[in-house]
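Pasting a structure below so you can have a look.
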Amino acid sequence: MIIKNICILGAGTLGSRVALQAGISGFNVTVYDIQQKSLDFSLTTMQKILRQLHKSGQISAGQDLEVLSRIKFTLSPSEAVENADFINESVTEEADIKKKVWRQFGEIAPEKCIFTTNTSYMLPSMFAEDSGRPEKFCAFHFHDVFYSRVVDIMPHPGTDPALIPILEDLGRKLNQVPVLVKKENPGYIFNTMLMALIGAAGKLLTGEVASIEDIDRSWMVNFHMPMGPFGILDSIGLDTAWHVTHKMPDRASQAFAALLKSYLEQGKLGEKSGQGFYTYPNPTYKEQDFVK
Ligand SMILES: NC(=O)c1ccc[n+]([C@@H]2O[C@H](COP(=O)([O-])OP(=O)(O)OC[C@H]3O[C@@H](n4cnc5c(N)ncnc54)[C@H](O)[C@@H]3O)[C@@H](O)[C@H]2O)c1
């Protein structure tokens, strides 16, 4: 199957990034959302990223306009899927919203269309039946698209295995490194490992074994990393981290969730609010002396 026309459902943070990369890769892209303000945000986000890519020499002068000419924005579901070969759904991470969207688009998308979800922590089997075409349904999960370039391909038990090589090929065309999650696993591969690291860091901190700085230092120096678990948490957002952590029943996770909540109550959401475990835009872990 040849994929030419890509439809992105949800014009938020991730939908915009996936759509932009698809445009850069030469696909015809349609971005759909239910809110005009999201579509406006999406275009502004894309223009900002294109400026950064131009500055760092990753795209040439004038290429930005050519890329944007391949991307259409619409509030019309039928226009969004007209002649679509492939859908990646990036709507709000709520099961009811995603189910509704898949029931809606399963009815109107062309027969040839491949259905994928970019859900971070849910499973494709939760929506496959809603789409009406479970054999064509798979998770295709991005990280940040431009900086972190792994794309997880995670089928559910009813996914047609013939879809996997098509998605691996598409992932590479989108400048990602595809990895196959052989069975459904919440958090895919990387997020599962990341949660283990963050959970261990949280346990060290709430157990008063070591300071935030020394936990990060230890990781950064030994693994030659630009940030440690608390720097990573600040970049993810402490609100997102709390959403995941507070659902875990074990005592260590609950203690860490309580600590995260105390930060949230002070308006400390991480990098996006200027304050989390560190203060932004110049967190101490980025200072040269930090790892001396
Ligand atoms: N933010 C990340 O770092 C990240 C990374 C990987 C995957 N994801 C996943 O991508 C998805 C979107 O996350 P996000 O961070 O971009 O969220 P976001 O809140 O930035 O964007 C969600 C968008 O979905 C739209 N939307 C809501 N209901 C809709 C509907 N019925 N039809 C069409 N659009 C609708 C909203 O208007 C909004 O523009 C989630 O499933 C999330 O888990 C996010």
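So if I check each of 223, 127, 190, 146, which one is touching a residue at least 60 places away in the same chain (Cβ under 8 Å) and aromatic (Phe, Trp, Tyr)?
Matching residue, one of 223, 127, 190, 146: 146.
Considering only segment 1-60, how many residues are of a type in the set (Ser, Thr, Tyr), touching a Gly at 6+ places or on another chain (Cβ under 9 Å) and assigned to a strand (DSSP E or B)?
1
Right, something else. Check residue 10 against each of (1) near the ligand (Cβ under 8 Å from one of its atoms); (2) under 19 Å from residue 114 (Cβ atoms); (3) of a type outside the set (D, E, K, R); (4) surrounded by fewer than 17 Cβ atoms within 10 Å (Cβ to Cβ) and name the one condition it does not meet.
(4)
Residue by residue through segment 64-99, note down the ones that are open to solvent by 20 Å² or more (accessible area, probe 1.4 Å), of a type outside the set (Gly, Ala, Ser), in contact (Cβ under 8 Å) with a residue 12 or more places away in the chain and part of a helix (DSSP H, G or I).
The answer is 64, 68, 77, 79, 99.
Kindly evaluate residue 209 against the criterion of being within 16 Å of the ligand (Cβ to nearest atom) and of a type outside the set (S, T, N, Q).
Answer is no for this residue.
Considering every residue within segment 50-62, establish whether at least one is within 16 Å of the ligand (Cβ to nearest atom), within 21 Å of the chain's Cα centre (by Cα), aliphatic (A, V, I, L, M) and assigned by TED's automatic domain parsing to the domain that holds residue 131.
The answer is no, given that none of the residues of segment 50-62 is within 16 Å of the ligand (Cβ to nearest atom), within 21 Å of the chain's Cα centre (by Cα), aliphatic (A, V, I, L, M) and assigned by TED's automatic domain parsing to the domain that holds residue 131.
Would you confirm whether any residue within segment 186-208 is touching a Phe, Trp or Tyr at 6+ places or on another chain (Cβ under 8 Å), of a type in the set (S, T, N, Q) and more than 24 Å from residue 121 (Cα to Cα)?
There is at least one residue in segment 186-208 that is touching a Phe, Trp or Tyr at 6+ places or on another chain (Cβ under 8 Å), of a type in the set (S, T, N, Q) and more than 24 Å from residue 121 (Cα to Cα).
Cβ-Cβ below 7 Å, separation at least six or inter-chain, first residue in segment 171-182 and touching a residue at least 60 places away in the same chain (Cβ under 8 Å), second buried (at least 16 other Cβ atoms within 10 Å of the Cβ) and among the polar types (S, T, N, Q): which pairs?
So the pair list comes out as 173/25; 174/21; 174/25; 175/21; 175/25.
The values are calculated or read from the model by the stated rules, or taken from the named source; none is laboratory data. For clarity, every value in this text was computed on a predicted model and none was experimentally measured. Here Cβ is always computed from backbone atoms with ideal geometry, including for glycine, and neighbour counts include all displayed protein chains. Ligands, DNA and RNA are stripped out before the accessible areas are found, and what is left, the full protein with its side chains, is counted by its heavy atoms. Shrake-Rupley method; radii C 1.70, N 1.55, O 1.52, S 1.80 Å.
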